[in-house]
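The next block holds one structure in the form of structure tokens; read it before the comments.
No lab work stands behind these numbers, since they all come straight from the coordinates. In this text, all values refer to a predicted model and were calculated from it rather than measured experimentally. All Cβ positions, even for glycine, are placed from backbone atoms using ideal geometry, and neighbour counts span all protein chains on display.
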């Protein structure tokens, strides 16, 4: 009985209490999975009010500190001493609504990963927009990959060229 409890305790100590930044992202599939998780975390912030610490703990595995500050300023609101996000058809600093297909381009560089997609103009629905590129830039932060920049029509030409796209 004591051996079983000791083994269980050792296993529990080895399991991290919260997710950490992804140390290795070497395939599109891994990147897509990480970004989908990050998006779900952002969406979950609208489910109920939370403390600043709770929100930080949820965002930290996926987003750099600088990105979190931008997201916080744009999307997080205080309610009775706690914090929440509200839904929006045009929410800045959320992971874009990627198709997670061949339309979604991933460009690997030694110190960064560009993930972006072209979104054609639309006038349907309550929000219309012109043709544009939207994406995120991942960088190594504290030994793991995190979303560090939101990209809206500011993908460098050299990156578009690597993706075989011309403006």
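If I stretch the segment between residue 124 and residue 80 completely, what's the gain in nm (0.36 nm per residue apart, minus their alpha carbon distance), one decimal?
In short, 12.2 nm is gained.
Run the numbers for residue 56 and residue 157: contour at 0.36 nm per residue of separation, minus the present Cα-Cα distance, in nm.
33.0 nm
Calculated FRET efficiency, residue 132 and residue 24, Cβ-Cβ r, R0 25 Å, to nearest 0.05?
Here the calculated transfer efficiency is 0.20.
Quick check on packing: order 136-142, 81-87, 28-34 by the mean number of other C-beta atoms within 10 Å, highest mean leading.
136-142, 28-34, 81-87
In the stretch 26-162, what percentage of the DSSP-assigned beta bridges are antiparallel, given to the nearest 5?
In the stretch 26-162, approximately 95 percent of DSSP beta bridges are antiparallel ones.
Using a Förster radius of 41 Å, what is the FRET efficiency between residue 46 and residue 111 based on their Cβ-Cβ separation? Nearest 0.05, please.
Once the sixth-power term is evaluated, E becomes 0.80.
Spin-label point model (7 Å from Cα, Cβ direction): what's the residue 97 to residue 33 distance in nm?
Here the modelled spin labels are 2.6 nm apart.
Hey, how many Å between the Cα centroid of the stretch 46-81 and the Cα centroid of the stretch 86-107?
Cα centroid to Cα centroid, the span is 19 Å.
Tell me whether the stretch 50-156 comes out rounded, prolate or oblate; compute the Cα gyration tensor, take square roots of the eigenvalues as a ≥ b ≥ c, and use a/c under 1.5 as the rounded threshold.
Because a/c hits 1.5 or more and a/b fails to exceed b/c, the stretch 50-156 counts as oblate.
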